[in-house]
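Below: one structure, written as structure tokens.
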Amino acid sequence: MAEWVNVAPKSELTAGTRKVVLTEIGPIAVFNLADELFAIEDVCTHDGGELASGVLDGDQIICPRHGSRFCIRTGRVLSPPAYEDIEIFPTRIENETVQVNIDL
């Protein structure tokens, strides 16, 4: 059974915004890219720092500490110093609330 966690009301997560939610499996960053929702673990695989405050470049997040790039859509690492992908999570809108599935 899926475990859906509430992130924010849909009206708060408008295009171009992001929000971090603390879950029992760790912090998850949810991004609204042109009205598409994507959720990633908010932990850089290079050194464990957070990612959500990094610069967005299209569908890529740039780690604010050392500059690794990750694809928000797939979790794939795109540049060093990180070499491991990050986890991605399914999202949905239920009763006008953005939710993320943390049941892996």
### Query
Does segment 32-42 hold any residues that are modelled with pLDDT of 95 or more, surrounded by fewer than 18 Cβ atoms within 10 Å (Cβ to Cβ) and not charged (D, E, K, R), and which are they?
LEU33
### Task
Taking ILE61 as meeting all but one of (1) touching a residue at least 40 places away in the same chain (Cβ under 8 Å); (2) in contact with a strand residue (DSSP E or B) (Cβ under 8 Å, 6 or more places away or on another chain); (3) over 16 Å from ARG92 (Cα atoms); (4) not hydroxyl-bearing (Ser, Thr, Tyr), write down the number of the exception.
(1)
### Message
For the condition β-branched (Val, Ile, Thr) and in contact with a Leu (Cβ under 6 Å, 6 or more places away or on another chain), what is the one hit in VAL43, VAL98, VAL77, VAL20?
### Response
VAL98
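Could you please find all residues in segment 28-46 being closer than 28 Å to GLU96 by Cβ and not in a strand (DSSP E or B)?
Going residue by residue through segment 28-46, those that are closer than 28 Å to GLU96 by Cβ are 28-42.
Listed by number, the residues that qualify are ALA34, ASP35, ASP42.
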### Message
I need the full set of residues from segment 47-61 which are assigned to a strand (DSSP E or B) and among the hydrophobic types (A, V, I, L, M, F, W, C), in order please.
### Response
VAL55, LEU56, ILE61
### Query
ALA29 passes all but one of (1) within 17 Å of PRO90 (Cβ to Cβ); (2) modelled with pLDDT under 95; (3) not basic (Lys, Arg); which number fails?
(2)
## Note on the structure
Checked segment 62-104 for anything charged (D, E, K, R), surrounded by 14 or more Cβ atoms within 10 Å (Cβ to Cβ) and in a strand (DSSP E or B); matches are ARG69
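The values are calculated or read from the model by the stated rules, or taken from the named source; none is laboratory data. Note that the structure is a prediction, hence the values are computed from the model and not measured. Neighbour counts run over all protein chains shown; Cβ positions are idealised from the backbone, glycine included.
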